[in-house]
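Each remark here refers to the structure printed beneath this line.
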Amino acid sequence: MPFFKNQEGYNLYYEDINGETKEKTEGTIILLHGFASSASFFKGQIKILRKFYRIIAFDALGHGKSDISKSLNLSKNLRHDIIRDLEDLLLYLGVTEKYGIIGHSLVGGMIAQLYCSKHPEEIKFLILLNSGYIMIDNVIRNIFYNLLPYFIRMNFLEVVANSVEDILDKVIPYILTSIAETINGMKLSRDEILMLIEDQIFGMITEIKEYDPSNIQCPTLIIGGRLDNFAPEQMSEELNKKIPNSRLEILDMAGHFAPAQRQDEINHLICEFINSL
């Protein structure tokens, strides 16, 4: 199995499908998986896309077949490391041509958005599957978001930004229980741990308020699901409003894992969009 070492010395698993015959393909597509997922999530899309394109995907640190970090940093925001690892992987594979990016879920989709903003000259198109604008890029933020009921996620900024302290009072005991094993090995007082949690959540709200994807100029396809409890369709609609050259498709009776569960419909939309460019 192919691996490459990242800057911290961890082995990250990657796939470079048609990499040896890239001259015979119609272009390159990068696949970015979501939190607690892996590159294998896209097997339904790879089955179709590999007939025409070079496909590059990798398992982020701690995911799939990649190494697991030796120490868990509760306040480390992994999006910066994932972006760095993707940059290094493309350099390692000698990718010089323009490419498209497909990102799934809040993490994979957010990494895809940020990467397009950082490297606009390299991107041909962007496809966001069940994505949004939430920064759940470390353990604390992920636990916090998963504790929120669906009606709050539907109106995340309006509800959470205006009542984050009240919400934190209710969920902090559950966050502490979830990270109990980790904090047992940390020399932090209870007050320091509470401050760390609060800093991460308040920082998350601030970053969401400040996040502006309007500088993404490449053609963008946004696909959401009407029954998506994790990234509600309202997030896809908001992205469509903010990304200038974007097209929105909301699938009825589709949830967060539509790319795997409704792959024929998703693949049709993806291929139709790419072919239209």
Out of the stretch 1-50, which residues are among the hydroxyl-bearing types (Ser, Thr, Tyr) and in contact with a His (Cβ under 7 Å, 6 or more places away or on another chain)? SER37, SER38
Within the stretch 170-198, considering residues that are polar (S, T, N, Q) and without any contact (Cβ under 8 Å) to a residue 60 or more places away in the chain, the one surrounded by the fewest Cβ atoms within 10 Å (Cβ to Cβ): ASN184
Out of curiosity, is LEU72 among the hydrophobic types (A, V, I, L, M, F, W, C) and out of contact with any Gly (no Cβ under 8 Å at 6 or more places or on another chain)? yes
Residue that is more than 30 Å from LEU188 (Cα to Cα) and in the same structural domain as ASN245 (by TED's automatic domain parsing), where the choices are SER71, SER75, SER105, SER66: SER105
Might you check whether a residue that is in contact with a strand residue (DSSP E or B) (Cβ under 8 Å, 6 or more places away or on another chain) and β-branched (Val, Ile, Thr) occurs anywhere in the stretch 60-72? no
Test GLN217 against the stated conditions and say whether it is on the phi < 0 side of the Ramachandran plot and touching a residue at least 60 places away in the same chain (Cβ under 8 Å). yes
Would you be able to tell me the number of residues in the stretch 234-269 that are in contact with a Leu (Cβ under 8 Å, 6 or more places away or on another chain) and of a type in the set (Lys, Arg)? 2
Can you name every residue in the stretch 62-98 that is surrounded by fewer than 19 Cβ atoms within 10 Å (Cβ to Cβ), within 17 Å of GLU15 (Cβ to Cβ) and among the hydroxyl-bearing types (Ser, Thr, Tyr)? TYR92
Among the residues of the stretch 224-236, which ones are under 17 Å from the mean Cα position of the chain (by Cα) and free of Cβ contacts under 8 Å to residues at least 40 places away in the same chain? GLU233
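The values are calculated or read from the model by the stated rules, or taken from the named source; none is laboratory data. From a predicted model like this one, the values you see are computed outputs, not experimental measurements. In this analysis, Cβ positions are derived from the backbone assuming ideal geometry, glycine residues included, and neighbour counts consider all displayed protein chains.
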